Structures are given as structure tokens and as C-alpha cells.
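Asker: Here it is, the structure, as C-alpha cells.
The values are calculated or read from the model by the stated rules, or taken from the named source; none is laboratory data. Being a predicted model, the structure only gives us computed values, none of them experimental. Quick reminder, even Gly has a Cβ in these numbers, built from the backbone with ideal geometry, and neighbours come from all protein chains shown.
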Amino acid sequence: MLRLKGIIYLALSLAIMWHEYGTPLTGNEWTPKIEAWASTDPVLEQVVNVFIGFSYIVVLVYFLKGLNFTFISGHVTKEEYNQTPFGLMRWNLGAIFRVGSYGSKSNTSENSVENMKRYRDSKFSNMSNDEMANDFRKTAWLDGLNSGSKARDYVNSKLSAMDNESGYKWLKGDK
């Protein structure tokens, strides 16, 4: 799925770059038209220049993400990708502007148990049935933790200080 996403990112960003810079100047490019329209007002011209610069950065970021998804990280699952350095970067600006997102109880430490359940399930996809049954038997207690209980709070605090693999080993009782 990541490879398809990467191909889409690459296609869109390359189409925009090709439209603006890939062909000889034909007069159909967006940037000169927008700059000519904004040149009537100095304040509008500055705002448009900032917008165009931001747009170039966004196109470049999506081009790089497309390259990464298509050629480097396209073979991994979403859960495995989230553990890579690229996956740890958050590009979603909508979370910054969400009202009530700060100070709420649904922080990352509160979701450590749910994140570990997803990680455990992704690990199961690469195991034989015997290994999967054995690991599930060792970690089934995680599914029984009640929200708001002291045990869940303790497990959340422990897991928030560990990476996924260390947390998974801790859940199984491995050293």
C-alpha cells in the first residue's frame, strides 16, 4: 500500500514540476500568471510569494516522500514504516490546529497499550501458527486491561519509555 501511495505522490509532484519547469515557456505556467496578477498590490505580492514558496516546499516534500515510499520503504507494512526515521516524522499539520488536542488525556502515553496491540498484531503476520499462538498466549493479558485502571496506567508508563521491540519483549516476559 505504501508503494502505491508513493507512486501517486511521485506522479502528482512530477506533473506539477513538469508543468512549471519541464517544458519550454509556453505562457501556460501557473507561477508567472499568479505573480503577474499579484504585482498590482505590494502586500498581495508578498503574500503570494510566500504562498508560492510554501507550495514549492510542499511539492518537494511530497516528491521526496514519493521516492521513499516507492523505492525505499514500499515493501514494509504501515506499522513497520512508523518505526523508521521517516515514519517518526509527522507531516500532518491538522493535529496542530485541532481544538482541544492539547491537555487532553489521549496523549501518546495513554495510547501505548493500543499501539503495542497493533505492533503485536503486525508481528503475527510474519510468524508461523505455533509461534503466533505462543506469543499471543504470553501477551493476551494486554487485551484485558481496563481503561482507567492502575494496571493500565502502569503498563502505559512502562511502554512509553520503550521502543516497540523492547516493549514487546517486556510484555512477553523475555529479557
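Asker: Looking for something among the polar types (S, T, N, Q) and assigned to a helix (DSSP H, G or I) - is there at least one such residue anywhere in region 139-146?
Answerer: The answer is yes, given that some residue of region 139-146 is among the polar types (S, T, N, Q) and assigned to a helix (DSSP H, G or I).
Asker: For region 1-44, name all the residues that are touching a residue at least 40 places away in the same chain (Cβ under 8 Å) and among the polar types (S, T, N, Q).
Answerer: 13 - this is the single residue of region 1-44 that is touching a residue at least 40 places away in the same chain (Cβ under 8 Å) and among the polar types (S, T, N, Q).
Asker: Within region 43-59, can one find any residue that is part of a loop (DSSP other than H, G, I, E, B) and either modelled with pLDDT under 80 or more than 27 Å from residue 18 (Cα to Cα) (or both)?
Answerer: Looking through region 43-59, none of the residues is part of a loop (DSSP other than H, G, I, E, B) and either modelled with pLDDT under 80 or more than 27 Å from residue 18 (Cα to Cα) (or both).
Asker: From 39, 112, which residue is at pLDDT below 85 and among the polar types (S, T, N, Q)?
Answerer: Answer to the check: 112.
Asker: Another one. Residue 71 is checked against (1) surrounded by fewer than 13 Cβ atoms within 10 Å (Cβ to Cβ); (2) within 30 Å of residue 124 (Cα to Cα); (3) free of Cβ contacts under 8 Å to residues at least 24 places away in the same chain; (4) not basic (Lys, Arg) and fails just one. What number does that condition carry?
Answerer: Checking residue 71 against (1) surrounded by fewer than 13 Cβ atoms within 10 Å (Cβ to Cβ); (2) within 30 Å of residue 124 (Cα to Cα); (3) free of Cβ contacts under 8 Å to residues at least 24 places away in the same chain; (4) not basic (Lys, Arg), the one that fails is (3).
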